1. How many of the residues making up the range A:558-596 are touching a Ser or Thr at 6+ places or on another chain (Cβ under 6 Å) and modelled with pLDDT of 95 or more?
2. Can you report the number of residues in the range B:253-284 which are surrounded by 15 or more Cβ atoms within 10 Å (Cβ to Cβ), more than 15 Å from B:Ala341 (Cβ to Cβ) and not aliphatic (A, V, I, L, M)?
3. Quick check on A:Thr613: is it part of a helix (DSSP H, G or I), without any contact (Cβ under 8 Å) to a residue 24 or more places away in the chain and of a type outside the set (Lys, Arg)?
4. Checking B:Ser329 against (1) surrounded by fewer than 16 Cβ atoms within 10 Å (Cβ to Cβ); (2) hydroxyl-bearing (Ser, Thr, Tyr); (3) under 26 Å from the mean Cα position of the chain (by Cα), which single condition isn't satisfied?
5. Pull up the range B:280-333, narrow it to residues that are in contact with a strand residue (DSSP E or B) (Cβ under 9 Å, 6 or more places away or on another chain) and in a loop (DSSP other than H, G, I, E, B), then point me to the one that is modelled with the highest pLDDT.
6. Just one of the numbered conditions (1) at pLDDT below 85; (2) crowded, with 22+ Cβ neighbours inside 10 Å; (3) among the basic types (Lys, Arg) is not true of A:Arg164; which one?
7. Could you list, in sequence order, all residues of the range A:463-485 that are of a type in the set (Phe, Trp, Tyr) and within 14 Å of chain B (Cβ to nearest Cβ)?
8. Need the failing condition index for A:Met229 against (1) among the hydrophobic types (A, V, I, L, M, F, W, C); (2) under 19 Å from B:Glu104 (Cβ atoms); (3) at the interface with chain B (Cβ under 10 Å from one of its Cβ atoms); (4) in contact (Cβ under 8 Å) with a residue 24 or more places away in the chain, just the number.
Amino acid sequence: MSTQRVKNSRTQKRTLQGSKSCQTRLPIWKITEKPSDSESILKHGQNNREGNYQRADDEGGDALQIAVRFFEKSPIKTSWSKDKTLEKHLKTVENVAWENGLAPEGIDALLNVAVSGKFGNAISTRILKCMIPTTLISEDSVVKAVSWLCVGKCSGSTKVLFYRWLVAMFDFIDHKEKINLLYGFFFSSLQDDALCPYVSHLLYLLTKKENVKPFRVRKLLDLQAKMGMQPHLQALLSLFKFFVPTLISVSLPLRRKIYFKSSENLWKSVLIAVRQRNQRSSPAPPKLMLGSANVRCVKRKWNSHSIIPVLNPSSHNKECGKKEMSLSDCLSSDGSFPLVKLRSFPQLLQNIHSLELPSQMGSVLNNSLLLHYINCVRDESVLLRFYHWLSQTLQEECIWYKVNNCEYGKEFVNFLNTIINAECFLQEGFYSCEAFLYKSLPLWDGFCCRSQFLQLVSWIPLSSFSELKPLLFDHLAQLFFTSTIYFKCSVLQSLKELLQNWLLWLSMDIHMKPVICSPLETTLGGSMNSVSELIDYVGWLSTTAMRLESNSTFLLHFILDFYEKVCDTYINYNLPLVVLFPPGIFYPALLSLDSSILNQICYIMHRYHKNLTAAKKNELVQKAKSEFNFNSKTYQEFNHYLTTMVGCLWTSKPFQKVLCHKGIHIDPKILEEAGIAEYKNSLNLVHHPALLSYAVSFLQEWPEERTVNLSTIRGKKWNWYLDYLFSEELEGLKLFIRSSIHRSSVP
Amino acid sequence: MDPSDASELTPRQSASSRLKDYFIGATPLQKRLESVRKQTSFVPTSPRRKIPQCSQLQEDIDTQKIAFLLRKQWTLYSLTPLYRFSYTNLKEYSRLLSAFITAEKQKGFAVEVGEDFNIKVIFSPLPGMKGTQRDSEAFLVQRGLLRYYRPQSDFPIPDWPPLRKKESPALGFPEGKTHQILSKSQLPSENTEGKVLWTGWFCCIFGDSLLETASEDFTCLPLFLANGAESNTAIIGTWFQKTFDCYFSPLAINAFNLTWMVAMWTACKMDYYTAATEFLWSVPCSPQSLDISYAIHPEDAKALWDSVHKTPGEVTQEEVDLFMDCLYSHFHRHFKIHLSAARLIRVSTSVASAHTDGKIKILCHKYLIGVLAYLTELAIFQIE
């Protein structure tokens, strides 16, 4: 119901916007009477209707002017029913009106004629039915017409039709201020039983907060007592309640949708045409922003109609104890910006200091503008209200808390999705969700709402990892190790997103110039620690998972995806942090049978290289401010990895020297026993298991070679082979070789 | 909300400032989260509690009202802090709530606020019903039918003192003062006597942990007790939720907390006992579940308790476990049934009785505050 209102005012706004650009396009109304025979012109116009619109328009316009003048100037006669000229002019008006609509002046004149009733009831009806605006209706015409109603010259049915017309055309009236001044007059017309439904509808469109007065409330209640529960009165009453909840209370049945008979029926098709005409000229119709739309589910329990409360203005702040309202109350209530009006971001910015807040903070979840608001508001009570509501609702709705709650599973999933959308929208997690995870993760089966649940994990606000670990990650690890590979992959995916969110927040923080010095520095260090602990934790999870899943390529992809984020922290997020992957990931990836894995690890090594070089350079530049110096161990470790990789891919000297105790060293005796003492050449770009197939197909492209002999790839051919590999979209490999290998010496 | 919008947004500037807040832990929200963490990471309830002391009620408590709260079955709810609730507006709330109920009862029929309805709601404070001075003052809501003449009415309104004028209504309710507001139509008169259809009260006994994290806009009354038809609780609860942006959740009492209750209540010193110490276990078996009731003479129970009780004035987890184990082994010796494998669903003593569904009946006036303190603790645990 309030949606309808919202929609109405929206179109109204659109019309207003349109009007500025339309005004010039309106056909200029000239009172020039042409001596030519209007009948022939009319005929001409009719014949040409399909052919030449422009001409028909002009000529029809002339005939129209004559017709209008006829209606205006004709004396009052007793019987007009058989008059041929009248019929002719009426036809002209009808044709033009239904075709193109009438200009404001035309409507002004004809409306006057219709409600004055000087041609009798039937003619008035016909005229009213064709009061279709080209673009807009002037407010004054309406006011004038209303004044005729007071004279009492027109019949009841004309009045009804007039009100229906007014309701249908409400959005096309250019201003509403003067009409609103007639509020009292319209209100008193409610007493007329025949008019009551239409007048209620008009009032529903017209009512502003200041129109709601105790005496009107009482009058409406009297009417209600007299006529019983009438849908149109209910609608009006509930609007009154919406504006001033302290005067009136009403609870509407949830199922009813229609409160007013549609007044548009008579004009339905032409209204669409007018709207389109108006819309064409307005550049961009305002986007639908007020999303709450009062979508109410069937009441299933007393706590709520749907999980998320409906957006309602708060009522208790100022109205309570209204009799002795203080000055500050008056000021604040006058200045506050009502929620229903809030429809665009600029509006939010202009009124952010005086925004009326919803009575239930949970309703902001459905309203993106208000989400913006609570995102930047400093008022703790707003956040606390939202926090309490969300925590309790999550707890109450959570399906694995209760045994017999399966039927609401879908609703809960939808609710979680709404929350996640809001978090994505704000790029920030809610504390309530974090608290909910603490409580519910130990009870989670790892299956129910998995996707939603893991997304919630990825939006946990940045905080001390060591504190979070026992509350969240230990429980998650238990599920991780005991679940399928797909679950493991989803967890890694959401941890990657978590890392990304943390890095973003942290990089925002580091860019803020430190205003307060000492405590912040340490907290920044603390949060950096938190991030590196998270990375270490995922490293540990991954290593163990690789063992459990026997080095699955699929899993490795997800792990390397995570490290693609990790390797770029210094350059992408400007954070002095580089954490290497554990050997348990590096070696399986390097020796993988899958070329895309090899490609990915090459890419990651390339990025590590870039990041570490950049970090080193920076360290040399600003030696003084190096609070976050990298551990030289990181460099050592990286160099070790790099040597191993170059050995495996380029120099065919894998695992030569054990530089680091973590490296792989194979006793030559074992190799001898296995019959592969000639292992020296068995690992390079040609012989690497992941690239072997490339080497073979490379050789097959040489027609002169009859047997495929891999050892022929050397010298010049080696370079061609490299180009071939690069052309096979092994971008990571290309970048790695270009950056890490100086190709002066070709093996 | 348009998800495509979301991707274009950059993280907000103030994220960083909230981040700082986080590590400093300054805001109420941060404190709240901190306390949730503590709650979750340690044992859910603190392993030692005080034995309820005889009459911790404040002096200004109204004994008549207390009597009204005893020996009734109350359904328990936890309640998040009430936003902008004001003790000076109780009269206005009565008017609004009665109009709301009337409108809800006759769906679609609008009613004027302040009209003389058949349905009457009265808000009245329960002064003195608090554990510490910092606790928010409890209050009572009664919904009755007027013009329902019944000679032996248990509606205590006619005896209540008349309206006392407040000196400065804008400044809020001064701490620790008796405060009573009655609407005009409740003044004693012959035919306004009615029947109380529904009663509910809000209280907070030793709710310090909650108070620490709430700002001054909030009134913390985490425990709500209702007596009357569920449909009435629903309507009135909805009104509170809409008006004060709070959230009601049913408060169930699990078997673990029931054992704590029975231990603490057995430990209470009683002048005389009015009821046996009784336990009810439920054994889930088909086609019908089997209930086992186990009643002990209260003095025997007390003797057993005294034999396991060591720390003076306090109850510890070990003592509770030991107390229950003794009862289990005694039962097993006689009936060869391991009660520990069944589900404890109800305990009753001379102090109070409690059901796992979240129903409680308080019998002893002396230990009212003690019983409520534990319930408040459970309610706070639920809303954290």
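1. Summing the residues that are touching a Ser or Thr at 6+ places or on another chain (Cβ under 6 Å) and modelled with pLDDT of 95 or more in the range A:558-596 gives 1.
2. The total comes to 8.
3. Here the answer is yes, as A:Thr613 does meet what is asked.
4. With (1) surrounded by fewer than 16 Cβ atoms within 10 Å (Cβ to Cβ); (2) hydroxyl-bearing (Ser, Thr, Tyr); (3) under 26 Å from the mean Cα position of the chain (by Cα) applied to B:Ser329, the lone miss is (3).
5. Going through the qualifying residues, I end up with B:His297.
6. (1)
7. Matches in the range A:463-485: A:Phe465, A:Phe473.
8. The failed condition is (4).
The values are calculated or read from the model by the stated rules, or taken from the named source; none is laboratory data. The structure displayed is predicted, hence computed values, not measured ones. All Cβ positions, glycine included, derive from the backbone under ideal geometry; neighbour counts span all protein chains shown.
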